[in-house]
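The block underneath contains the structure these notes are about, expressed in structure tokens.
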Amino acid sequence: MAMPEGNLVATVERMARALEPLAATSSVRTALEEGVRSAVAALAADHGSVSWQDAEGALHTWSTPGLSEEVASACAAVLMSAPGWSQGCPRPRIVEDVGSDAVLEGEPRLRERLGVKSLVVLPLSLSDGSWMGVMVGWFRASHCPMEEEVRHAWLYARLASVALGERRMMEEGQRAATRAHAEAQQAEMLRLNRFQAVTEGFSRALTLREVARVVLELGLPAVGAVAGVVHVLAADGESVELAAAVGLDPRLEEELRRLPREGNMPGYDVARTRAPVWLESPQELRTRYPELAAKPGMAAYHALAFLPVLAEGRVLGVIAFAYGAPRRFCIAEQTSIVGLARQCGLALERSLLYERERAARLQEEAAGRRLRAAEEESRQSAARLHLVVRVSQLLSEAGLDLEQVLEVLGRAVTQEVGDGCLLQLVSEDGQFLELAAVHHPAPKARALLEQVVRERRLRVGEGLQGAAVSTGQTLFLRAMSAEALDGVGPEAALRPYFEQRGPQDVIAVPLVARGRACGSLLVVRDARGRPYGPDDQVMLESITSRAALAIEDARLYAAALEALRLRDDFLSVAGHELKNPLNALQLQLRLLARKAREQQFSDSLAERAERVARTGERLGLLIEDLLDVSRINAGQLQLHYSEVDLTAMAREVISRMAEELSRADCETFLESELPVVGRWDRLRLEQVLMNLLSNACKYGRKRPIRVRVEVAQGLARLSVRDEGYGVAPEDRERIFQRFQRADSTRHIQGLGLGLWICRQIAESHGGTLRVESELGKGSTFILELPQLNPVGGAG
């Protein structure tokens, strides 16, 4: 007899209210307890218990009041070790008579302690069949529950299994994240060591040729390039000549030895715009610079980076790095390579200074007194130059650590230029100066300097430091006494320091990076010593300009990392928060749709229930895509290898998607009868095939779809071909990027994440995913996988 529609709706509503606490809880133990209570209610049992194993194999038990957890735990251990039933994916077991059941036959003392007549045993297991525990309903009298009651109770047991499975996945993800973090730290340490070697090489290089050799011989391993060249402006100023080359084809090196100052080459664009040029593929090189692409030997290089060498405010040359494979230059790589070019520019600037100093000394050797003066000046210049070089080296070692950069700047200035310094940076709103660092060898003096800033927050443009920031100019106060500070504005706060230390020379230097002042450095020195001169100003400005670049780079790097972290956290949290309520909703929708079909309600009700259920499934897939994006970005994509037959898997997926393929009017053919076996992650490969088939349904224009499985050139190959819209040549790589789709299919809904996730899964297996297509004639997506320890199969 068909159930009335009103009774069905009431039943669904009661189930929904019972499942809501279990689906919404965040604690695994709470979910298990709630599941036991709900199962006891569904079975009308006297007691209930749940026993589960943690990741280390320890058994935990919880029981309803009145039932001994010790007895429940002992019974669960016997049930979980029972042969036959505990293997694979067990079904619920009804024990109508505890005294005569074969499972407890060898446990007479335990049967006496149970104190019940009947049991309903509900298994807890993962989707792959791995055993986790049991949920048990206890009856004091002999009882055989109805099949519908057992199905309802088993639903709660399966939800409890989901909660346990999610906790295990979370623990495994945390362990994987720890390993990935350690590996990333090791890789970063290797990269920093290589850049440290470059910095040390620059510190020893004195001439232009030596600097060029250092940037190539030590810089190539640091940036992962296979070849490189350095071009500099020739002495005649009319041409560009090769200063150094490493790993270059001899024919190409001869071609590039001397070039005119104008032409269609990337180096000229770099020199003109003072900005890097990134060429990530041979196709991009041929499109933008055909003249360079046509030169002999260029076919060996598939990606290139060209960077300006800036010294003394002008472009003195160009550095080029070549790579043997196409390359995506991410923000971090671009920052590292640009930083290397910046160091090269500083080293060239130092080499020019060295050559000028040497020329000056040679000229002064002809005159006695002038020679001694030149030698003294040279010594002082060398000392200043050495200081600039050392500070540059320390800033390079500090890398993108803002606190370390500030410490290097303050310590170097205090030790070499002044008695103490006070460093302030412009606030984020650009209105105020914020204290960044205070340095002085004497603790009391340092406290007095810090008090100056603590008492009052300076605005940009106010006081000596604020004026230095607003004007971008270095400002002096010479031989200032404590009395002279009265009434001079914010600098009056320095009076306690001047009273203790005596008259002081004060200099305020702006920290200018990329044409904008990001802060200022206030340096104080005893006025009874050598006064500040133009050379001191030049040296301080040189030091602060390098420090300003390092500070800005550190700030930008920190902001970029924070933005990436917030994005990934949002995707992860949003996906997890949506997943639990959506699972409960999908469960009820599927139940409602099934009841509508079974009870033969009106066609409109059944059709609406089916449509809502399919919408819930699509929403679940979108949430899974977001979670996969978050896992991949965090390096947490886990692969579980097992023996997989691609042919059998493809046949099963096509059968599973038969309804969706039928709705799309796409007849699907599997062109393979022989097994293709290897060790892969079956669930992830199913995800790839389902995505490719779904795309073929959407874009195939209701025409046949052909799935082919074969072995080719030692690789397992799975291809999906449709006869739909096709993909334009310029879109064939772009569609595998996140949130990207072909222009010809913009009218079809989707996030543009599926193909990107599929390629990540393929590459995680050591394989590839590509597309062969022609507009208007369809597309063939080809997945190729290495047969990892294949255990059988034929191709």
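The values are calculated or read from the model by the stated rules, or taken from the named source; none is laboratory data. In this text the structure is predicted, and so the values were computed from the model without any measurement. Cβ placement follows ideal geometry from the backbone for every residue including glycine, while neighbour counts extend to all protein chains displayed. SASA here: full protein model, heavy atoms, side chains in, ligands and nucleic acids out. Shrake-Rupley method; radii C 1.70, N 1.55, O 1.52, S 1.80 Å.
What the phi angles of segment 355-362 give under the Karplus curve with 6.51, -1.76 and 1.60, with θ = phi - 60°, is a coupling list of 5, 5, 4, 5, 4, 5, 5, 5 Hz, glycine and proline written as x.
By how many nm would the segment from F476 to E107 lengthen if fully extended, with 0.36 nm per residue of separation less the alpha-carbon distance? Could you put the intermediate results ahead of the total?
On the way: separation 369, 0.36 × 369 = 132.84 nm, distance 9.46 nm.
Gain on stretching F476 to E107: 123.4 nm.
Quick note on segment 691-733: its Rg to Rh ratio, both from C-alpha atoms and Rh being the Kirkwood radius, is 1.04. Here F432 sits with roughly 40 square angstrom of accessible surface, probe radius 1.4 Å.
Kirkwood radius for segment 96-170, taken over all pairs of different Cα atoms as the inverse mean of 1/r, rounds to 13.8 Å. Using the Stokes-Einstein relation with a Kirkwood hydrodynamic radius computed over Cα pairs, the translational diffusion coefficient of segment 201-348 at 20 °C and a viscosity of 1.002 mPa s comes to 141 µm²/s. Shape index of segment 426-506: Rg/Rh, with Rg the Cα radius of gyration and Rh the Kirkwood radius from the inverse mean 1/r over Cα pairs, equals 0.96. Estimated at the nearest 10 Å², the accessible area of T61 is 20 Å² with a 1.4 Å probe.
If you find the alpha carbon centre of segment 118-148 and of segment 325-345, how far apart are they in angstrom? Result: 61 Å between the Cα centres. Applying the Kirkwood pairwise sum to the alpha-carbon positions of segment 638-778 produces a hydrodynamic radius of 15.5 angstrom. Centroid-to-centroid, using Cα positions, segment 245-283 and segment 639-688 are 49 Å apart.
Expected output is a single nm value to one decimal: the length gained when fully extending between I331 and Q638, i.e. 0.36 nm times separation in residues minus the C-alpha distance. What is it? Intermediate values should be presented prior to the final figure.
Numbers: separation 307, 0.36 × 307 = 110.52 nm, distance 2.61 nm.
Working it through step by step, the gained length comes to 107.9 nm.
Within the shell defined by Cβ-Cβ distances under 10 Å, the residues around L718 carry a net charge of 0, with Lys and Arg each +1 and Asp and Glu each -1.
Computed from the C-beta positions of Q737 and E253 and an R0 of 30 Å, the FRET efficiency is 0.25 to the nearest 0.05.
For V40, V538, V720, write out the residues from largest to smallest accessible area, computed with a 1.4 angstrom probe and no ligands counted. Walk me through the numbers before you get to the answer.
Values: V40 25, V538 95, V720 5 Å².
I get V538, V40, V720, largest accessible area first.
Derived scalar couplings between HN and Hα for segment 114-125 equal 5, x, 10, 9, 9, 9, 10, 9, 10, x, 10, 8 Hz in order, rounded to whole Hz, by the Karplus curve 6.51 cos²θ - 1.76 cosθ + 1.60 (θ = phi - 60°), x for Gly and Pro. Think of a 1.4 Å ball rolled over the protein heavy atoms: segment 104-176 then has 52 Å² of accessible area per residue. For segment 653-716, what % of the accessible area comes from carbon and sulfur atoms, probe 1.4 Å? Roughly 49 percent of what the probe reaches on segment 653-716 is carbon or sulfur.
Quick one: net charge around P123, please, counting Lys, Arg +1 and Asp, Glu -1 for every other residue with C-beta under 13 Å from its C-beta. Mind showing how you got there, number by number?
On the way: positive: R91, R93, R158; negative: none.
Around P123, the surrounding residues sum to +3.
Quick check: with the 1.4 Å probe, what order do C421, C330 take by accessible area, largest first? Could you put the intermediate results ahead of the total?
On the way: C421 5, C330 65 Å².
The most accessible residue leads, giving C330, C421.
Leaving ligands and nucleic acids out of the surface, order I94, I331, I654 by accessible area at 1.4 Å, largest first. Could the numbers behind the result be given before it?
Numbers: I94 70, I331 125, I654 30 Å².
Largest accessible area first, the residues go I331, I94, I654.
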